[in-house]
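Asker: Below you'll find the structure I mean.
The values are calculated or read from the model by the stated rules, or taken from the named source; none is laboratory data. Note that the structure is predicted; figures quoted are calculated from it, not measured. Here the Cβ positions follow ideal geometry from the backbone for every residue, glycine too, while neighbour counts run over all protein chains shown.
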Amino acid sequence: MKKKIASKSWIREGEKVLMTTVARFPLVFQKGKGATVIDVDGKRYLDFVDGVAVNTFGHSDPQFVKRLRKQAGDLIHVSNYFWTVPQITLAKLLVAHSFADRVFFCNSGAEANEAAIKLARKYAKGKSGPDRFEIIATHGSFHGRTLAALSATGQEKLQKGFEPLVPGFRHVPFDDPTAIEKAITPQTAAILLEPIQGEGGVRIPQKGYLKKVREICDRHGLLLILDEIQTGIGRTGRLFAYEHEGIVPDVMTLAKGLGGGVPIGALLATEEVARVFTPGSHSSTFGGNPLACAAGVAVMERLTKNRTFLKEVRDLGKYLIARLEALQRKSPLIKEVRGAGLLAAVDVTVPTIGIVEAAYQSGLLINRTSDATLRIMPPLTVRRSEIDRMVALLSKIILEKNHVQA
């Protein structure tokens, strides 16, 4: 009973002081190891939310923790008025393994997208005049919670109450190159896309979609901005999701998995585009601080130096989808299974909130993006036995629980 009271006590205290911007589940976590987290009551949970695709190597990875401890003992923060070795090292790694020539560091995905919007406007105005500033984005997209990033987001439910939104954004259907081309005007500066819509429900476009969008951008002299905040850093089985299509963007945003759990965001761009950011045009007090960049270096080195790491992610992703499809064949409640690498979705015919709640009560953490879609995002270091356990728990919930009803 005392352990139960400990958890409830912490929640009561939190409810007194934290803003209610999130509908939290009644769980208070204290420790983690790999794909497992432990709450203050000592209960263990299999974590297939992964900090929303953030904890690249899971919880408390020994190699990762060692790098952070070393950096924290050396230097945590200095102003961007000065250079630091971790920031330069991480920027070099990102440039070496991507299309980009230049990097700007910030603290989150929203900030990275905010910087990308500013960069696109400044570039277009300098190249084509003051009237070229609009950005085409897609319905169902998610680009962050700052006001410009929220305005770029293609979900009205998230924008409600924050009007008037920042002008200069047009929204078209996702996975529809024709709709993009029809929406282009003399004011259009860029196209902003997620290669796979994460918060939109792991919506994967048809093969060739990004190639067609790249061709449209080239034909009309527009920048292609890819929001790889959720899909980047190995999540789809490639370092960046654009690699699956064999194209390159002009601008890309990263966050989430780049820091392995430490907050960091990054804006990457070609030399031609990046040069319009001059001293004073954009900055961030905490962006690129040594601790966050050391975390990013640890992540990037492990993903790029180990030649089998990303292949294993692709193999694990195939195994995950196969196991979920096997479950689909057993249950009429599952409409569709889809995914790329270790980012997967399960569409169901029942309210997902009941499944998610039953899951955490059974010791499994999964996520929902809507009333119809479950999202599954284990660490990139997940074991097959842990995938098997997740599927077994989910199977029991879907096939046996009486409260999961259509």
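Asker: Are there any pairs, at least 6 apart or on different chains, whose C-beta atoms fall under 6 Å, with the first in the stretch 197-212 and modelled with pLDDT under 95 and the second not in a loop (DSSP other than H, G, I, E, B), and if so, which?
Answerer: Here the result reads none, with nothing in the stretch 197-212 linked to a residue that is not in a loop (DSSP other than H, G, I, E, B).
Asker: Still on this structure: In the list 277, 240, which residue meets the criterion of being assigned by TED's automatic domain parsing to the domain that holds residue 203 and out of contact with any helix residue (DSSP H, G or I) (no Cβ under 7 Å at 6 or more places or on another chain)?
Answerer: Working: 277 fails: out of contact with any helix residue (DSSP H, G or I) (no Cβ under 7 Å at 6 or more places or on another chain).
When all the criteria are applied, what remains is 240.
Asker: Also: Among residues belonging to the stretch 190-206 that are touching a helix residue (DSSP H, G or I) at 6+ places or on another chain (Cβ under 9 Å) and part of a strand (DSSP E or B), point out the one that is nearest to residue 126 (Cα to Cα).
Answerer: The extreme case among them is 190.
Asker: If you don't mind, there's one more thing I want to ask. List the number of the failed condition for residue 292; all other conditions in (1) out of contact with any strand residue (DSSP E or B) (no Cβ under 7 Å at 6 or more places or on another chain); (2) modelled with pLDDT of 95 or more; (3) surrounded by fewer than 24 Cβ atoms within 10 Å (Cβ to Cβ) hold.
Answerer: (3)
Asker: Restricting attention to the stretch 248-282, which residues are acidic (Asp, Glu) and not in a loop (DSSP other than H, G, I, E, B)?
Answerer: Taking the stretch 248-282 first, the residues acidic (Asp, Glu) are 250, 271-272.
Listed by number, the residues that qualify are 271, 272.
Asker: So which helices (runs of 4 or more DSSP H) stay within the stretch 36-152 end to end and still have 1 or more residues that are closer than 22 Å to residue 342 by Cα and out of contact with any helix residue (DSSP H, G or I) (no Cβ under 8 Å at 6 or more places or on another chain)?
Answerer: Values: elements: 50-53, 62-74, 85-96, 109-128, 147-152.
Result: 50-53, 62-74.
Asker: Continuing with this model, one more query. Kindly indicate the residue of the stretch 241-260 that is touching a residue at least 60 places away in the same chain (Cβ under 8 Å) and surrounded by fewer than 24 Cβ atoms within 10 Å (Cβ to Cβ) and also farthest from the chain's Cα centre (by Cα) among those meeting that condition.
Answerer: Here the answer is 248.
Asker: In the stretch 160-179, what count of residues is obtained for those that are in a helix (DSSP H, G or I) and in contact with a helix residue (DSSP H, G or I) (Cβ under 6 Å, 6 or more places away or on another chain)? If you could, list the steps in order and put the result at the bottom.
Answerer: Let us first name the residues in the stretch 160-179 that are in a helix (DSSP H, G or I), namely 177-179.
Next cut, in contact with a helix residue (DSSP H, G or I) (Cβ under 6 Å, 6 or more places away or on another chain) only: 177.
Result for the stretch 160-179: 1.
Asker: Another question, then. Please work out if residue 375 is in a helix (DSSP H, G or I) and assigned by TED's automatic domain parsing to the domain that holds residue 24.
Answerer: On the way: in a helix (DSSP H, G or I): no; assigned by TED's automatic domain parsing to the domain that holds residue 24: yes.
Considered against the rule, which asks whether it is in a helix (DSSP H, G or I) and assigned by TED's automatic domain parsing to the domain that holds residue 24, residue 375 comes out as no.
Asker: Of the conditions (1) of a type in the set (A, V, I, L, M); (2) surrounded by fewer than 16 Cβ atoms within 10 Å (Cβ to Cβ); (3) in contact with a Lys or Arg (Cβ under 8 Å, 6 or more places away or on another chain), residue 343 satisfies every one except a single condition; which number is it?
Answerer: (2)
Asker: Scan 30, 71, 63 and give me the residue that is surrounded by 16 or more Cβ atoms within 10 Å (Cβ to Cβ) and at pLDDT 95 or above.
Answerer: Numbers: 30 fails: surrounded by 16 or more Cβ atoms within 10 Å (Cβ to Cβ); 63 fails: surrounded by 16 or more Cβ atoms within 10 Å (Cβ to Cβ).
Selected residue: 71, the only one of 30, 71, 63 that is surrounded by 16 or more Cβ atoms within 10 Å (Cβ to Cβ) and at pLDDT 95 or above.
Asker: Which numbered condition trips up residue 209, out of (1) under 18 Å from the mean Cα position of the chain (by Cα); (2) among the hydroxyl-bearing types (Ser, Thr, Tyr); (3) over 17 Å from residue 343 (Cα atoms)?
Answerer: (1)
Asker: Considering the stretch 225-247 alone, what residues qualify as being within 23 Å of residue 201 (Cβ to Cβ), of a type in the set (A, V, I, L, M) and assigned to a loop (DSSP other than H, G, I, E, B)?
Answerer: The initial filter retains those residues of the stretch 225-247 that are within 23 Å of residue 201 (Cβ to Cβ), namely 225-238, 240-245.
Now restrict to residues that are of a type in the set (A, V, I, L, M): 225-226, 229, 233, 241.
Listed by number, the residues that qualify are 229, 233.
Asker: What tally of residues in the stretch 44-57 results from selecting those that are over 22 Å from residue 199 (Cβ atoms) and surrounded by 14 or more Cβ atoms within 10 Å (Cβ to Cβ)?
Answerer: Looking only at the stretch 44-57, we keep the residues that are over 22 Å from residue 199 (Cβ atoms), and these are 44-46, 57.
From the residues that got through so far, the ones that are surrounded by 14 or more Cβ atoms within 10 Å (Cβ to Cβ) too are 45-46, 57.
Total satisfying the criteria: 3.
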